[in-house]
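Input: a single structure, listed below in C-alpha cells.
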Amino acid sequence: MKFFKNKTLRFWLISLILPLALLGAWKGADLLGMLKPYTMPKPESVIDTAVELAAAGKLHVHVLSSILLVLKGFLLALAAGLILGVLIGLSKRIEAFFELTVQIFKPIPPIAWIPLAILWLGIEDKSKLYIIFLGALFPILLNVISGIKNIDRKYFELAKVYEVPGMKLIFRVVLPGALPEIMTGIRVGLGNAWVCVVAAEMIASVTGVGYLLTYGRSLSRPDMVILAMLLIGIIGKVMDDGLKFVSKMLTKWNNGEEALVR
Amino acid sequence: MSDKVIIKNLNKSFPGNNGQLRVLSDINLSIQEGQIVSVIGGSGCGKSTLLRILAGLDTDYQGEVLFDGKPVTKPTREKGIIFQDHRLLPWLTAEENIRFSLPGDVPDKNALIQHYLDLVGLAGFEKTYPKQLSGGMAQRVAVARALANKPKILLLDEPFGALDAITKISMQDELLSIWDKEPITMVLVTHDIDEAIYLGHRVVVMTPRPGRIKGIYDVELNIPKSRTGLDFIKIKEVVFQEFFGASGSPFIYNI
Ligand SMILES: Nc1ncnc2c1ncn2[C@@H]1O[C@H](COP(=O)(O)OP(=O)(O)OP(=O)(O)O)[C@@H](O)[C@H]1O
Ligand SMILES: [Mg+2]
C-alpha cells in the first residue's frame, strides 16, 4: 500500500516538471527582457488579469456559462447516443437503415456546421447547443455500437436460457457489457463538446471562455487570450478526470487490483 | 418411471468447407425422469452439440427431440444448462447473477438466492464479483443459478472439466448430495470416465466422425457410491474396452 502511494506521488511529481519548466522559461525570457507586452505578456500579468476579472465578477460568469452549455449539449448527445446506439447495436435492420447516413455525417467536423446552425437557429444558445451536440454525439454513438457488438455472444445465449425479457437484457447485459467502450466514447464526446463550445463562442457570443478569447484578441490583449486558453485547458482536464473517476467506479468489477478473495 | 426426454433418429450437420459436416448420426436415447445420464466420448464427437439441441439452443436438426412429450423448440427455464465456462456475468456479484436469472414473479427472491448459495457452500460470498472467485467457486455459483430456477432437467457440459482433481471430486459429491435431496433429471457430458461412472446411472458412450452412440451401460453402484469399489472397477473396464477394444486394457488394478 505504501509502495503504491509513493508511486502515485512520484508520478505526480514527475508530471509537474514540464509545466514548471515551461513556466520558468517564460519567466526567464521575461527577466531577460525578451517579451513585448503586446505580443507576449509576462506570467504575472495573466494572473493579474484573472484576479481583475474575478474581482469584477466576470470570470465565473464566463466559465459557468461555457460549462453549462457544454453539459446541456453533452447530456442531449448522451441520451441520443445511448438510445440510438442500443437500437443500432442490437438490430441489423436498424443498423442498415442508419449506416450510410452516419458514415457520411461522421467526417463532417461539427464546426463546419456553424454557418448553417447560425442561419437556422440564430446566434443564441440554440445554435451552439447544436454544434456541441454533434461534437459529442458521434464518439458516443460509435462507441456504444461497437461496445455492444463486442459483447461476447455467450451472454446473449445465457439470457435466452433464462428467458430474460428485453428491458432487463438491455440494463443487465447490453449496457454493462458495453460500458468500458461507452465510457471511452463519453470521454471523447465530452472532450469534443468542450472544443466545440469554445469554437462556437468564438464566432458568435457575448459570454463564455471562447468569447473571452476573441474579446482579448479584439482588445489586443494577449494576457486575456492566454488566460482564456489556460482556462479551456484546465477545465477540460478536470472534466476528463471526473469522467475517469466515474468510469473507474462503474467498472469496479473489472479492476484487476481488487481481484482478491475478500 | 416415465421418459422425460426422448431422442429419436436425431441427425445433425453443420455446413462445412466441402459440403455438410455430419456431426450427429442417428442418435436414439430415452432418459427417465430422475435419472442421471452421463455422456462420454472423445473431443469433437458432438457431445456439446447434443446438449445444445436438448437445451433448445440449436433447433436446426433432423429427427425428433421430445421433452415431456413435446418437441424442443427453444430454450426455457425448465431446461437448466450449465456450460463448460461458468458464464457468470462479470459485472454482477454472485447474488446478482442468480437474481438476473430469476423470473420477475418469484416471491421472496432474497431467501431463495441465499438458500441456493448456502447449498453450494458459498454463504458469505454473496457480494463477490466473478473475477474475485476461484474457478470452482464460480462454477458453483453457476450450479446455484441453474438450481434456483427449479429446472426439470439439468444439462451439464463438462462442468468440472477445468477444475483440479480435488475440487472436482468435492463438486461431484456436492452434485450427488443435491440430487439426493431433489432427484432432478440430469444429462452430464464429460470426457472423464471415472466421473461418468461415478455420477451416472447410465453411461452413454459416443464415438466421433460422425458422432454416434456406441453403447449404453447401466451403472448399479451401491449408495453411498464408491470410486474404488469392485463394482466401479468392473464397469470402468467395460467402458474402457468400448473405447480401446477388448485387447489389453491400459487399466492397472490397484486393489
Ligand atoms: N457452430 C458450428 N459450426 C460448424 N461446426 C461446428 C459448430 N459447432 C460444432 N461444430 C463441429 O461439430 C463437431 C462436434 O462439436 P462439439 O462441440 O459438439 O464436440 P464435443 O463432443 O463437445 O467436443 P469437446 O469434448 O471437445 O467439447 C466438431 O467437429 C465441430 O467442429
Ligand atoms: Mg464440448
B:E96 fails exactly one of (1) surrounded by 14 or more Cβ atoms within 10 Å (Cβ to Cβ); (2) without any contact (Cβ under 8 Å) to a residue 12 or more places away in the chain; (3) within 8 Å of another protein chain (Cβ to nearest Cβ), namely (3)
Residue under evaluation B:N110, criteria (1) surrounded by 15 or more Cβ atoms within 10 Å (Cβ to Cβ); (2) assigned to a helix (DSSP H, G or I); (3) of a type outside the set (A, V, I, L, M), criterion not met: (1)
Quickly run through the range B:3-22 and pick out the residues that are at pLDDT 85 or above and within 21 Å of B:A196 (Cβ to Cβ). B:I7
How about the range B:132-173: which of its residues are more than 15 Å from the chain's Cα centre (by Cα), surrounded by fewer than 17 Cβ atoms within 10 Å (Cβ to Cβ) and of a type outside the set (V, I, T)? B:S134, B:G135, B:K150, B:D164, B:A165, B:S170
Just checking, does the range A:162-180 include any residue being crowded, with 19+ Cβ neighbours inside 10 Å and away from chain B (no Cβ under 14 Å)? no
Based on this model, can you work out whether A:M229 counts as within 14 Å of chain B (Cβ to nearest Cβ) and over 30 Å from B:R77 (Cα atoms)? no
Options B:S43, B:S13: the member that is more than 14 Å from chain A (Cβ to nearest Cβ), assigned to a loop (DSSP other than H, G, I, E, B) and within 11 Å of ligand 1 (Cβ to nearest atom): B:S43
Step by step: first the residues of the range B:144-166, then only those that are within 13 Å of ligand 2 (Cβ to nearest atom) and acidic (D, E), then the one that is modelled with the lowest pLDDT. Which residue is that? B:E158
Is the range B:218-232 home to any residue that is over 19 Å from B:G44 (Cβ atoms), under 21 Å from the mean Cα position of the chain (by Cα) and modelled with pLDDT of 75 or more? yes
Residues in the range B:159-179: is at least one farther than 29 Å from B:G42 by Cβ, touching a strand residue (DSSP E or B) at 6+ places or on another chain (Cβ under 9 Å) and in contact (Cβ under 8 Å) with a residue 12 or more places away in the chain? no
Given the conditions (1) within 15 Å of ligand 1 (Cβ to nearest atom); (2) touching a residue at least 40 places away in the same chain (Cβ under 8 Å); (3) under 18 Å from B:N149 (Cα atoms); (4) in the same structural domain as B:D192 (by TED's automatic domain parsing), every one holds for B:L57 apart from (2)
Every residue from the range B:13-36 that is touching a Lys or Arg at 6+ places or on another chain (Cβ under 8 Å) and within 16 Å of ligand 2 (Cβ to nearest atom): B:V23, B:L24, B:I27
When both residues are 6+ apart or on different chains and their Cβ atoms are under 7 Å apart, which pairs have a first residue that lies in the range A:205-233 and is under 22 Å from A:I123 (Cα atoms), and a second that is at pLDDT 90 or above and aromatic (F, W, Y)? A:S205/A:Y211
Of all residues in the range A:221-234, which are farther than 17 Å from A:P41 by Cβ and buried (at least 17 other Cβ atoms within 10 Å of the Cβ)? A:I232
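The values are calculated or read from the model by the stated rules, or taken from the named source; none is laboratory data. Computed from a predicted structure; not experimentally measured. Note that each Cβ is placed from the backbone with ideal geometry, even for glycine, and that neighbours are counted across all protein chains shown.
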